[in-house]
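Everything below concerns the one structure shown next.
Here, each number is a calculation from the coordinates, and none is a lab measurement. Computed from a predicted model, the values in this text were never measured in an experiment. Cβ: placed from backbone, ideal geometry, glycine included. Neighbour counts: every protein chain shown.
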Amino acid sequence: MVLDNIHNVTGLEGTWSTGSQRVLTGPTFVSPNNRTFFPPKTSGISISFTYSGFYESSQYRLLGNGTDPHCLTATLMWDHGSYVILGNGSIITTPFGDGFQQVQAPCEAVSNFIQAYNFTTLYRSFRIFQDLSDGPKLSLANFDDSPNPPFFQVSSTPTMFPTRSLVNTTSTSSNQAKRELKERSSGAKTWTSVGAGALVASLVTAGAASALL
């Protein structure tokens, strides 16, 4: 992609993060081999791109409950793979297949579960511009042209895991499906990987906010 008035200032390469920039790609957010997340104090999205066509994405989302403000749903997501920039300025990301997400809903019968998360994503357009206070800032539009929060460039060097599948997705998916089925059947309320303490700390910090920072 040639830098111009729309795709300007700098290339996509590097690590970008929204909001307070506490959500980042790489090992500070997730351990893929253990399927474990390390939730920061605030929610957000981070995405990293390499010059050679690879990406990694980390997301931490909080969804409020209008009836009970204590019943926030926390979702943590991670995936990585390859990307291409089309001639019209769109970006398509294709995961390797070892991505996963964890959903924690303390007021639901099944309060905590982990499942595969691997979706090809279309970003309709992007723009990089210079913020006078914060430096390069990335705008990514979703497939329907709805905007994401602005991404700040945390580093021009991407912080990422190796650009290949990191786990045996076949055996992992089979074992995880059995575990999820057992938990759903028993209605067990479990707090694994992230842990209740970490989630409560995050929710207290976020308050009753339902929007992604």
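A compact table of results
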read-out: Calculated SAXS-style log₁₀ I(q)/I(0) at q = 0.14 Å⁻¹ - region 1-96, Debye, Cα scatterers; value: -0.62
read-out: Neighbour net charge for TYR60 - beta-carbon separation under 12 angstrom, K R +1, D E -1; value: +3
read-out: Förster radius 22 Å - calculated FRET efficiency between THR157 and PHE119, Cβ distance, rounded to 0.05; value: 0.25
read-out: Amide H contacts of ASN112 (H built 1.01 Å from N, under 5 Å, at least 5 apart or other chain); value: ALA105, THR190
read-out: Length added when fully stretched, SER133-ASN148, from 0.36 nm per residue minus Cα-Cα; value: 3.4 nm
read-out: Region 44-84: mean projected area of Cα convex hull, nm²; value: 3.4 nm²
read-out: Percentage relative contact order, region 1-132, counting C-alpha pairs under 8 Å, at least six apart; value: 20 percent
